[in-house]
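Here is the structure we will look at.
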Amino acid sequence: MSELLVTGLKKSFGTLELFRDVSFRLAKGERAGLVGANGAGKTTLMRCILGEEAYDDGTVRFDAAATVGYVEQQAALGQGTLYEEFMGAFSDIRRLGDRKRAMEEEIERNGADEERLAAYGRLVERFEQLEGYDFESRIRRVAFGLGFTDGELSQSVAHLSGGQRTRVCLARALLREPELLFLDEPTNHLDIRMIEWLEGFLAAYAGGVLIISHDRFFLDRVATKIIELEHRTATTYAGNYTYYQKVRAARDEALRRAYEKQQEQIRATEEYIRRYKAGIKAKQARGRQSRLDRLERIVLPPERARFKYFAFHPPGECAERVAELDEVSAVFDGHTVFSRLSMLIRRGDGAALVGPNGAGKTTLLRILLGEHSSPTGSVKLGSRVKAGYFSQQHEGLHKDRTALDEILYEYGLDEETARDYLGAFLFRGDEVYRVIGEMSGGEQSRLAFLKLMLTGANFLVLDEPTNHLDIPAKEAVEEALMAFPGTFIVVSHDRYFLDRVANRTFELEDGRLTGYEGGYSAYREKKAALAREAEEERTEAKPAPVREKKAPPAARGAARPKDAAKEARRAISGVSDEKREELLRRAEAELAMAEAELRLLEHEMNDPTAQSDPGRSREIAEAYAEKEREIERRYETWGALAEEA
């Protein structure tokens with residue numbers, strides 16, 4: 001049984017009950033998102049399921065022979081090279097390969113009887129079942145998909161950054177494609193391109209996957225069910241994150257209405273009992289009192305912490321042209337990060353700055369603020385522009401103060417107003433007395449963002465403001481930004497966040513800065529449309545091919561792009577909106593996977609070993625051409641689905 005079955009799980013730390021009666025099932029092919037506020041016990045629950053932490057009651061069942069992969073938030077690595085770290089995931093296959101080669105040498109030396117040949121056949125069959133001939137190409141496929149280069153494979157893991165170490169642990173778990181895969185915040189430290197590759201990988205994953213994540217866009221594209229851990233128990237919802245939100249909201253509203261109706265009935269009954277308990281209708285009153293005593297009362301759960309809108313210090317008016325970058329460059333140790341970039345931000349813009357890790361996004365922000373100088377061009381802030389900066393390191397926080405003191409001392413507020421501001425960013429009750437230095441990274445981020453909003457700045461420069469935040473805290477930041485009457489530019493890998501707050505998107509990639517109107521989804525759609533147009537122009541510009549009597553093997557039976565679009569339209573004819581959205585998500589995931597496979601083939605094509613073998617080189621070239629055709633077909637399919645969605 002490769003499925004996971006959790007029944008009645010309970011866990012306490014001393015007198016603190018973390019969760020109780022947690023039950024759910026994870027079948028083969030299902031991808032469950034485990035969501036809940038920070039501190040709800042998600043990581044502890046995952047560790048209990050894996051047997052890495054003891055639980056107080058309940059059962060966890062899955063086949064002892066099932067292969068299990070686990071990516072935790074802080075995992076230890078060895079001391080070897082990156083390639084050796086990945087090879088360690090295949091130690092059993094490598095041992096099997098050593099046995100196979102030893103047996104082959106023995107058979108070559110001494111010959112083989114029927115029994116020895118049968119044993120060798122079983123060994124080869126097992127080796128092939130484990131895909132022993134392909135594991136080195138699998139290493140490169142996963143490594144390249146997660147942003148590692150061929151040169152980095154020979155580097156020591158001891159010198160990797162935190163983000164790189166997270167990617168190594170993720171790759172190590174994905175390489176064997178276990179039957180049950182447990183991922184704790186897998187998108188932390190990944191840029192958008194890597195997250196999209198991971199989405200494609202998981203969308204085609206055959207095993208069961210349990211994912212702890214605060215990335216709502218990721219959960220929308222990957223999850224087939226959502227398990228919410230809240231109020232010390234778990235509730236399962238079919239569908240992705242957006243569907244879960246809709247169903248939960250409807251459930252909460254139905255519960256609220258039932259509660260109000262019951263309260264009205266209780267009040268009416270109590271009034272009847274009060275009026276007639278001593279009169280002629282005393283018997284009926286006692287009967288109603290008895291029924292009231294037996295009534296199972298509806299209890300509303302504690303209200304979820306939400307952003308409460310209030311007026312921040314209103315920012316002053318400023319010029320229409322808030323910030324201008326003209327031909328700016330960044331050079332470090334002789335290396336050019338980007339050269340001669342220009343950007344204009346106008347009053348009222350909510351601008352998103354996206355791009356892969358290492359593209360120079362933070363550097364561009366610091367040039368904008370004057371913290372880094374540019375050897376070329378100029379930077380200009382408009383008249384009466386007051387800039388406020390949110391850095392990932394939270395340098396402006398006084399770690400020895402409490403949250404309440406930080407707000408009182410910095411802004412001269414009375415305690416009631418300070419508590420209102422802190423409560424809006426989810427610091428409730430005695431939490432305002434916590435010392436900042438003892439807070440988590442997410443709590444410090446919330447406090448730093450609140451301070452920024454209180455400065456009166458009319459131009460906010462934000463570098464990853466939602467890092468380390470759980471979903472309720474992200475929603476608080478989103479609501480605050482949407483209510484903010486000034487201008488801002490934000491670097492973020494949180495696509496759901498960017499779709500909510502941004503009305504313009506700038507992409508910094510390969511040293512180029514390109515602007516698009518709209519949030520993240522609009523930018524992606526426009527970019528995909530431009531890519532299709534460019535591909536059509538390249539296709540039209542190619543000379544007519546020489547007609548052959550038969551197509552090469554790689555191309556036989558392949559649908560033409562326009563045929564793929566027609567097939568997609570036929571497939572969605574008459575289907576529900578939910579099914580159409582599911583087909584669109586699947587098409588996006590398959591497209592991302594195909595593009596990752598194309599990059600792998602490109603690497604193999606440039607490998608000197610392959611180039612020295614004409615047969616292998618021709619085989620790779622044919623596979624590359626077919627993969628290009630496949631991607632073209634998938635773009636047509638995606639385009640047809642997007643038009644109808």
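The values are calculated or read from the model by the stated rules, or taken from the named source; none is laboratory data. In this text, all values refer to a predicted model and were calculated from it rather than measured experimentally. Here the Cβ is made from the backbone with ideal geometry for all residues, glycine too, and neighbour counts use every protein chain on show.
Per-structure values
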read-out: Unmet requirement for Phe13, which otherwise passes all of (1) surrounded by 13 or more Cβ atoms within 10 Å (Cβ to Cβ); (2) in the same structural domain as Phe218 (by TED's automatic domain parsing); (3) among the hydrophobic types (A, V, I, L, M, F, W, C); value: (1)
read-out: Selection count where residues are in contact with a Gly (Cβ under 8 Å, 6 or more places away or on another chain), under 22 Å from Leu34 (Cα atoms) and assigned to a helix (DSSP H, G or I), scope the stretch 142-185; value: 4
read-out: Some residue of the stretch 342-361 being small (Gly, Ala, Ser), exposed (fewer than 13 other Cβ atoms within 10 Å of the Cβ), part of a loop (DSSP other than H, G, I, E, B) and more than 30 Å from the chain's Cα centre (by Cα); value: no
read-out: Unique match (being buried (at least 16 other Cβ atoms within 10 Å of the Cβ) and at pLDDT 95 or above) among Gly41, Gly33; value: Gly33
read-out: Cβ pairs under 7 Å, 6+ apart, first in the stretch 26-43 and more than 15 Å from Lys474 (Cα to Cα), second of a type in the set (Lys, Arg) and surrounded by 23 or more Cβ atoms within 10 Å (Cβ to Cβ); value: Leu34/Lys42
read-out: Set Glu296, Glu271, Glu264, Glu260: member being part of a loop (DSSP other than H, G, I, E, B), of a type outside the set (A, V, I, L, M, F, W, C) and more than 31 Å from the chain's Cα centre (by Cα); value: Glu296
read-out: Filter pass, Phe218 being part of a helix (DSSP H, G or I), outside the structural domain of Glu590 (by TED's automatic domain parsing) and surrounded by 24 or more Cβ atoms within 10 Å (Cβ to Cβ); value: yes
read-out: The stretch 428-451: number of residues that are in contact with a Phe, Trp or Tyr (Cβ under 9 Å, 6 or more places away or on another chain) and not charged (D, E, K, R); value: 5
read-out: Hits in the stretch 175-193 (condition: of a type in the set (A, V, I, L, M) and touching a strand residue (DSSP E or B) at 6+ places or on another chain (Cβ under 7 Å)); value: Leu180, Leu181, Leu183, Ile192
read-out: Hits in the stretch 423-434 - residues which are surrounded by 13 or more Cβ atoms within 10 Å (Cβ to Cβ) and over 28 Å from the mean Cα position of the chain (by Cα); value: Glu431, Val432, Arg434
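Residue-by-condition table, conditions (1) crowded, with 22+ Cβ neighbours inside 10 Å; (2) charged (D, E, K, R); (3) over 30 Å from Gly132 (Cβ atoms):
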site	(1), (2), (3)
Pro178	no, no, no
Leu190	yes, no, no
His214	yes, no, yes
Ala234	yes, no, yes
Tyr243	no, no, yes
Ile266	no, no, yes
Ser290	no, no, yes
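Residue-wise test of (1) surrounded by fewer than 19 Cβ atoms within 10 Å (Cβ to Cβ); (2) under 26 Å from the mean Cα position of the chain (by Cα).
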| site | (1), (2) |
| --- | --- |
| Arg126 | yes, no |
| Gln129 | yes, no |
| Gly132 | yes, no |
| Gly145 | no, yes |
| Glu152 | yes, yes |
| His159 | yes, yes |
| Arg165 | yes, yes |
